[in-house]
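Sharing a structure, written as structure tokens. Questions coming.
The values are calculated or read from the model by the stated rules, or taken from the named source; none is laboratory data. Source: prediction; values computed, not measured. Every residue, glycine as well, gets a Cβ built from its backbone with ideal geometry; the counts of neighbours run over all protein chains shown.
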Amino acid sequence: MSEKRSYFRLGLFVVIGVGTALLVLFILGGRQLLQPTFEFETYFNESVAGLEIGSPVKFRGVPVGEVSVISTSGALYEHDVPPGKRKGYIVVRCKLRGTRYQIEEIRENLGVFIKAGFRAKTQLAGITGQQFIMIDIEDPKNFRPLAFDWKPEYPYLPSVPSTTGVLIARIQSFLASLNEADVSKIGKNLNTLLVTANKKLDELDVRELSKDADDALKDARKAIDQLREILAKAPIEEAVRNFSQASANAGRTLGDPKIGQSVANIEAVTEKLRKLADAGEFDRITKNLDDLIARLDAMVADNQYDVRAIIRDLRVTANNLRAVSESVKRYPAGALIGGPPAKVEIPKEEPSK
């Protein structure tokens, strides 16, 4: 009986240990099995070395899932296509995890996200060489989806070349251009350039250049000393004080109540003029002036001959007045009491005989 109890206790201990282990595994990662998932696939026309199943999938650096399948288009979709005509793409399938609402939103709006520029690309994780899938927003005009003629088994998300792949492609293109270049000719041209430069340097008068440079430095030093003297003698402090005083005077002037009153008066006059203009007073005054000028023109036109006669008489009168004035200047008394008296001749007595 005691032996049966020992077996029972052992079995119970084993069951409890296995249950505890399963519970710990569920707590650590088993809950992901119960989370809603969304699986999509993307294609790459480049190497995905360093990408493994289980590698993280991130949206702008935020983990959202992991890689579930890595294969080739020939193994999955191009069984009946001749090897020479196959695309040779790398098919990567990813599982996204999240809340039920998030997964439903992705499933319903994937087409909208693709039009907005959502793209997948491989990216290095630091300097370890491992890669992961990065989902980012790119310009749809610059990155067109890869062409294929099969129906994807899972929702398709277009991809873009990785930054590393683009960099390697540019380096390869640069190296290819170097291979096509005539390196020997370039080296020969460089040697010719160096020889010519050495000859020109030998022909230069180094002493004369040194002297010119020394003179230039002396002139610059002299100019700096003169500038220092000018700044030392300049009444900068007095100018600053004058400026401060002028600013203070301007502030007091602007703060004077009379200035404010003048501005108010100007505003009042302007307002009155605007009201007169709106009421049409200026137009009425202008019309009256036009009528007056028209009447004056008519009067001058009708009495043009009389005006000329009057002007002629005025000229004669002015001449007479000028003559009278000259006469008064010469004979003031005569102008007042008449002309000069007649000349009287006194009789002379004859001598007695």
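For region 91-117, which positions are in a strand (DSSP E or B) and surrounded by fewer than 19 Cβ atoms within 10 Å (Cβ to Cβ)?
If the condition is that a residue be in a strand (DSSP E or B) and surrounded by fewer than 19 Cβ atoms within 10 Å (Cβ to Cβ), then ARG93, LYS95, ARG97 are the ones that fit.
In region 66-97, what residues are in contact with a helix residue (DSSP H, G or I) (Cβ under 8 Å, 6 or more places away or on another chain) and closer than 22 Å to THR37 by Cα?
VAL91, LEU96, ARG97
Give me the pairs, please: first residue somewhere in region 72-84 and within 14 Å of ASN45 (Cβ to Cβ), second residue anywhere and aliphatic (A, V, I, L, M), beta-carbon distance under 8 Å, and either six or more positions apart or on two chains.
Final answer for the pair search is THR72/ILE90; THR72/VAL91; SER73/ILE90; SER73/VAL91; GLY74/VAL81.
Against the definition (modelled with pLDDT of 70 or more, surrounded by fewer than 10 Cβ atoms within 10 Å (Cβ to Cβ), farther than 30 Å from PHE40 by Cα and within 45 Å of the chain's Cα centre (by Cα)), how does ILE230 come out, yes or no? I'd like the intermediate steps shown before the answer.
On the way: modelled with pLDDT of 70 or more: yes; surrounded by fewer than 10 Cβ atoms within 10 Å (Cβ to Cβ): yes; farther than 30 Å from PHE40 by Cα: yes; within 45 Å of the chain's Cα centre (by Cα): yes.
Against the criterion (modelled with pLDDT of 70 or more, surrounded by fewer than 10 Cβ atoms within 10 Å (Cβ to Cβ), farther than 30 Å from PHE40 by Cα and within 45 Å of the chain's Cα centre (by Cα)), ILE230 qualifies.
Separate question: I'd like to verify a number: residues in region 251-268 that are among the aliphatic types (A, V, I, L, M), surrounded by 10 or more Cβ atoms within 10 Å (Cβ to Cβ) and modelled with pLDDT under 70, how many?
2
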